[in-house]
């Protein structure tokens, strides 16, 4: 791996030596990501790890999302319609209970546009408004 690549623009797909892309003006991101298979630091320009040869596209997409959030925390889950009451809709989170984030979510029926039936499945994303910082233990 070459340490020459410092920053990269995922929109233009060009190497940027500065904090912002010289082509589109967007903030550039780190040009390296940790391979989820061998844990080596690899370039984001390829589709496969240069060390172990395994695919890294998913890791690159997560890296781009994380860099674009700028350190803000994001949680996401999928939920299914569990029950409708007179004034609300209750959704239950999919997956194993110990791995669930929200478990149950109530949405008022008035939140949906008039005449729109609440969807059977939803994806919920919660993003922090400030930068998430790890506490030292």
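Normalising the average separation of contacting C-alpha pairs (under 8 angstrom, six or more residues apart) by the number of residues puts the relative contact order of the chain at 16 percent. Shape call for the range 74-128 from the C-alpha gyration tensor, a ≥ b ≥ c root eigenvalues: rounded (a/c under 1.5), prolate (a/b greater than b/c) or oblate? Prolate, because a/c is 1.5 or more and a/b exceeds b/c. Exposure proxy shown here: for 8, 22, the number of other Cβ atoms within 10 Å sets the order, fewest to most, as 22, 8. Shape class for the range 58-105, computed from the alpha carbon gyration tensor (a ≥ b ≥ c): prolate, with a/c not under 1.5 and a/b above b/c. Between the Cα long axis of helix 57-69 and the first principal axis of the chain there is an angle of about 80°, rounded to the nearest 10. Per residue, the average separation of C-alpha pairs within less than 8 Å and at least 6 apart gives the range 6-58 a relative contact order of 23 percent. Applying Stokes-Einstein at 20 °C and 1.002 mPa s to the Kirkwood radius of the chain, computed over alpha-carbon pairs, gives a translational diffusion coefficient of 118 µm² s⁻¹. Taking the empirical scaling 2.2 N^0.38 Å for compact globular proteins as reference, the range 7-71 has a Cα radius of gyration ratio of 1.09.
Just so you know, all these numbers are worked out from the coordinates, no wet-lab data involved. Remember, it's a predicted structure, so these values are computed and weren't measured experimentally. Neighbour counts run over all protein chains shown; Cβ positions are idealised from the backbone, glycine included.
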